[in-house]
Amino acid sequence: MKRWALVPLLLVLALSSAALATAGAQSGPTTRVEIRVWQLVGSDTTLAVSVRPEGRAWADLGTIPLDMSGLTSDGFWRYGDVATAGVEVRVWQRSTSYRNLWISARPEGGSWADLGTTALHMAGQTRDGRWRYGDITLAVSAPTTAPTPTESRDGDRVVTISGSQTHTCALWESGRLVCWGLEVDAARVPEGTYVSVGVAHGHTCAVRASGELTCWGLNVATVTSVPAGNYRFVSVGFYSACAIRDSGSIVCWGQELPDVDMEAPEGIYTSVTVGFAHACAQRESGEIVCWGWNDSGQTDAPEGAFRSVSSGEQHTCALGDRGRVTCWGNNEYGQADVPAGRFRAVSAGRYHTCGLGELGTVVCWGGPQRRATEAPEGKFRFVSASNTYSFSCGEREQGGLQCWGGAPTNYGQGNVPEGAYQDFDTGTWYVCAVRSSGTLACWGFGDSRETSPPSGTYTSVSAGGDHACAVRPSGEVACWGESIWESENRGQTDVPEGRYRAVSAGYRHTCGLRTSGEVVCWGSNDQGQLDAPSGQFISVKAGLHRSCAVRESGETLCWGGGGGFGGVPTIAGRYTSVAVSGFVCAVHQSGEVDCWSGPGDSFADVPAGLYRSVSAGNSHACAVRRSGEVVCWGNNTYGQLDVVPGRYTSVSAGWTQTCALRESGELVCWGTKPHIVARVPAELQ
């Protein structure tokens, strides 16, 4: 923890003279030490201890975070211990009232009875309002060697981790705020020191140490339009945000939804938590109040006093007396089915819930995606489940952040079977390749349809959405695979008779280049992707809802829709090959690569250089330089841009993965990592 430079408002509590005398009589020479216990406003379970020799600076020995993992056998008291400057300190916290603190102390190695136990009055408060504190002065045996500033501990602890589908932010007790994830404005933190943070899809709100509330990123539902005032805590949902003012009242703002009232009830609150379209808050008495959308009962808070509350997407959980967790609301995936045991903390996610067990282990339950509930082993001191995306993060007991979950992307498509290959292509979640022998091999996710190729020998292969096609040496084309959804099957595997030079499998359609140079397409034509122009062509590619081809003259033509981007423009120039997905890239006769798409969507930032070929993936592109080096650009959500070094002859960009073929025939794949929001930067691990 950072050594806070705080202006003290000392409240020195003298223990009885008998206690001090007893301590002094034990070992002769004594020294007086001052102890300060800190409590984070808005998070009564976050405590820390500062110790200094009387008359010295608090910075001399630093500030130590207090791990309140101790629990008496009757469950009524939590406690945490710390030893420094020749004194051992134990802070007690009543399980039913976190504001009530007591302190025990003893000379290091002595008895707790030596100095007794006394109530700690938390009457001090820092100027920024972040921390309340109470002080006590003790007389203890003088240490044989005086501690020096270099012996202090620097254990800055995480206060909040808040994650969404676009980015994740972590806030430390020192006020340091770090965000990571997609290259979005919401992940770019303005300079400053912060006391609270909340994130949702594309936007972030945080409270500065001064009490100023600031929001940045996409102005989704006007969430970033901040109301004026001084604040101490903020929570952000998809449609709205809520914050606690210095007065303890709550203000909420954002998009107004039909039949949903997000105006907070009047009163004084210690915390607030916002879900998809509802919010819950805790009064000073421990009572929980909820409001907003209640389609699943997520605002039907139970009666009683609780330690904390957490809002998921459509369910809510609270930590009660003696570490018991109660959840209510949507239970479609078992997110409200609390496992047996006692907990220190609970966090409600999108479709799952995570709890921090009494001994520091993390337990997660619910969720349609198993990875989100597969908590890592070991002890943690903080856990947070994202309520807008299926992943969770925590801080380990020894320090360092770790996240788990996120949308599954690794179906084994990177596990290339041994052998040498002559051609290959990446589909959505699978890969198909032609071995040196001419036989086909497919692997990854495909429900045994796309990944079960026909027998025989082939010269080339193309992998699409739910189907794949390959060209035999005779020019005959074979297609296989189909969607598990019957409505998605539009005849994309029904190959017209004829001989072909090349074939390209798209999302729900296929295009082939006949030996005559004519282009023919089959399958779904819902956006005109089968309406190939007449003429002679040298290359053809089928994409998402569009198709493109290169004429013998080098002119590139595209037809069909843009899958939400509108029609595909044709740009001037002479090209040798074309690649298409949701956007289009082509290799110019000069070797340069151009990329384009519909209005407002561009992958035009191609790295400079001369290239042999280019491939367009779902949201990224890759190309092979004339030197054999592979370069990728665009979205790196799953590590699909993290090229394995080497020399390659061809490359294929898929949905969450990229594969490339070396001159030796070795096929190498990369990507399919956890979502970038769940990949903690190395320096924070």
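Coordinate-derived values only; no laboratory data. Please read all numbers here as calculations on a predicted model, not as lab measurements. No Cβ is skipped: glycine too gets one built from the backbone with ideal geometry, and neighbour counts run over all protein chains shown.
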Inset, instruction - Note the full-extension length gain between residue 647 and residue 247 as 0.36 nm times their separation in residues minus their Cα-Cα distance, in nm to one decimal. - result: 137.6 nm
Inset, instruction - Please work out the FRET efficiency for the pair residue 284 and residue 214, using the Cβ-Cβ distance as r and a Förster radius of 22 Å; give the result to the nearest 0.05. - result: 0.25
Legend entry - At R0 = 51 Å, FRET efficiency that the Cβ-Cβ distance of residue 117 and residue 415 yields, to 0.05: 0.25
Inset, instruction - Please give the peptides 225-235, 430-440, 310-320 ranked by average Cβ packing (other Cβ atoms within 10 Å per residue), highest first, as a rough proxy for protection. - result: 310-320, 430-440, 225-235
Legend entry - Estimated inter-spin distance, residue 627 and residue 294, nm [label 7 Å along Cα→Cβ]: 6.6 nm
Legend entry - Over the range 235-311, equivalent-ellipsoid semi-axes from the Cα gyration tensor in Å: 19, 15, 9
Legend entry - Pairwise FRET efficiency - residue 589 versus residue 374, Cβ, R0 = 60 Å, nearest 0.05: 0.75
Legend entry - Label-point gap, in nm, between residue 81 and residue 515 - each point 7 angstrom along Cα→Cβ: 8.6 nm
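If you count, for each residue, the other Cβ atoms within 10 Å and average over each peptide, how do 583-590, 455-462, 322-329 line up from highest to lowest?
Result, highest mean first: 583-590, 322-329, 455-462.
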Legend entry - Amide N proximity, the range 322-358 versus residue 74 label position 7 Å along Cα-to-Cβ, cut-off under 15 Å: 322
Inset, instruction - Give me the number: length gained by fully extending residue 525 to residue 191, i.e. 0.36 nm times residue separation minus the C-alpha to C-alpha distance, one decimal in nm. - result: 115.1 nm
